[in-house]
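J.: Dumping the structure here so I can ask a few things about it.
Read the figures in this text as sums done on the coordinates, not as results from a lab. As the structure is a prediction and not an experimental result, all values here were calculated from the model. So basically every Cβ, Gly included, is an ideal-geometry build from the backbone, and we count neighbours across all protein chains shown.
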Protein chains: 2
Amino acid sequence: MNLLRDLPGARAGEVIETLVAAPGVRIERIVSLGQASLPGFWYDQEEAEWVLLLQGAAQLRFADETEARLLGPGDHLHIAPHRRHRVEWTDPRQPTVWLAVFHR
Amino acid sequence: MNLLRDLPGARAGEVIETLVAAPGVRIERIVSLGQASLPGFWYDQEEAEWVLLLQGAAQLRFADETEARLLGPGDHLHIAPHRRHRVEWTDPRQPTVWLAVFHR
C-alpha cells in the first residue's frame, strides 16, 4: 500500500480515500489536480485537521490571514475547528497529494 | 514548518517530535539513521498506530509474519493494538523519516 504510486486520475475532481476511520480520528489521502475551492467558499469544520502535503504544490488561505500559504512536499499545518480556510490553488500540471488527519 | 527539511541528526539515536497531541490522537515524526529495535525486543502497544514512511528506507517485522516488510517513501500500514512488531533495519546511509499516528 503506497500513497504516492498509481495515483488515481483527478482531472475531473479531487479523489478522497479514507485510510483510517476510528472513533476519534479519520485519516484521508486527497489527490488534487488543479482544483481550488469555489469562489467565496470557506471550509468551516467541526473537527480539528492536521494536514501534510506529500507531493505537488498548493496554496491554502486562512480567512484571518491576508495572504495564501504556498505549500510544498513536507509542509504541514494544524487547522483548529472553525478556523475558516480555503484552497486557493493546486498545481494543474502534476497531482498534489495531501494527507489529512481529522480529530476532535 | 516542513517535515523533510533541516532534519535533526539522528546518528546517536532516533529523534521523535510530537506534532499533534489531542485526547484521542498523537502524531509524531520520527527520524532514524541506522537504528533498529534491540534483538528480541517487540513493540506491544496499547494504542493503534498508523505509520507512513516519508523518506528513506526501513524494514518492519510483525511477530505473526515470517518476513520483514521493506518500506519506502509512501508506504503505509496500520498496526492494531498489541500486534507485536519491531524495526529490523533502517537505512544507515540516509535519514529515514516516519510519520506515526497513534489513536484509540
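J.: Which net charge results when you count Lys and Arg as +1 and Asp and Glu as -1 among the other residues whose beta-carbon is under 12 Å from that of B:Q55?
T.: Spelling it out: positives minus negatives among the neighbours equals 0.
J.: Peptide B:20-27: average number of partner chain Cβ atoms within 10 Å per residue?
T.: Across B:20-27, the average partner-chain Cβ count within 10 Å equals 6.
J.: Just which residue of chain A brings its Cβ nearest the axis of rotation onto chain B, and by how many angstrom, rounded whole?
T.: A:G24, 1
J.: Shifting gears a bit: Counting only other chains, and only Cβ atoms inside 10 Å, what mean value do you get across the residues of B:69-77?
T.: Rounded to a whole number, the mean comes out at 4.
J.: What is the list of residues in region B:1-24 whose amide nitrogen lies under 14 Å from a point 7 angstrom out from the Cα of A:E65, following Cα to Cβ?
T.: Zone members listed by number: B:1-2.
J.: Sticking with this one: Can you list, shortest first and in nm, the gaps between the label point of A:R69 and those of its counterparts in the other copies, using a point 7 Å from Cα in the C-beta direction?
T.: Copy-to-copy label distances for A:R69: 3.0 nm.
J.: At a 10 Å Cβ-Cβ cut-off, how would you order B:W98, A:W42, A:W89, fewest neighbours first?
T.: In order of increasing Cβ crowding within 10 Å: A:W42, A:W89, B:W98.
J.: Answer rounded, prolate or oblate for the protein assembly as shown, using the Cα gyration tensor with square roots of eigenvalues a ≥ b ≥ c: rounded when a/c is under 1.5, else prolate when a/b is larger than b/c, else oblate.
T.: Prolate, since a/c reaches 1.5 and a/b exceeds b/c.
J.: Between copies, how close do the B:V20 label points come, placed 7 Å along Cα→Cβ, listed in nm from shortest?
T.: So the distances to the same position in the other copies read 1.0 nm.
J.: P(r) of chain A in 5 Å steps, Cα pairs, percent per bin?
T.: Percent of pairs per bin, in order: 3, 13, 22, 27, 21, 11, 3, 0.
J.: Around A:G72, under 12 Å between beta carbons, what's the net of Lys plus Arg minus Asp minus Glu among the other residues?
T.: Residues near A:G72 contribute 0 overall.
J.: Mind running the shape call on region B:36-92? Use the C-alpha gyration tensor, a ≥ b ≥ c as the square roots of the eigenvalues: rounded below 1.5 for a/c, prolate if a/b tops b/c, oblate otherwise.
T.: It is oblate, given that a/c is not under 1.5 and a/b is not larger than b/c.
J.: Once the Cβ-Cβ distance between B:W42 and A:T18 is put in as r, and R0 is 35 Å, what FRET efficiency do you end up with, to the nearest 0.05?
T.: Computed FRET efficiency for B:W42 and A:T18: 0.75.
J.: Would region B:1-53 count as rounded, prolate or oblate if I go by the C-alpha gyration tensor, calling it rounded below 1.5 in a/c and otherwise prolate when a/b exceeds b/c, oblate otherwise?
T.: oblate
J.: Continuing with this model, one more query. What list of ³J(HN,Hα) values in whole Hz, one per residue of region B:6-12 in order, does the Karplus curve 6.51 cos²θ - 1.76 cosθ + 1.60 (θ = phi - 60°) give from phi, with Gly and Pro shown as x?
T.: The phi angles translate into 6, 5, x, x, 10, 4, 7 Hz.
J.: Still on this structure: Can you work out ³J(HN,Hα) from phi for every residue in region B:47-55, in order, using Karplus 6.51 cos²θ - 1.76 cosθ + 1.60 and θ = phi - 60°, giving whole Hz and x for Gly and Pro?
T.: These are the phi-based 3J(HN,Hα) values: 8, 6, 9, 10, 10, 10, 8, 8, 7 Hz.
J.: Can you tally the net charge around A:F102? Count Lys and Arg as +1, Asp and Glu as -1, for every other residue whose Cβ sits under 11 Å from the Cβ of A:F102.
T.: -2
J.: Region A:78-94 to region A:1-56: how many Å between their Cα centroids?
T.: 10
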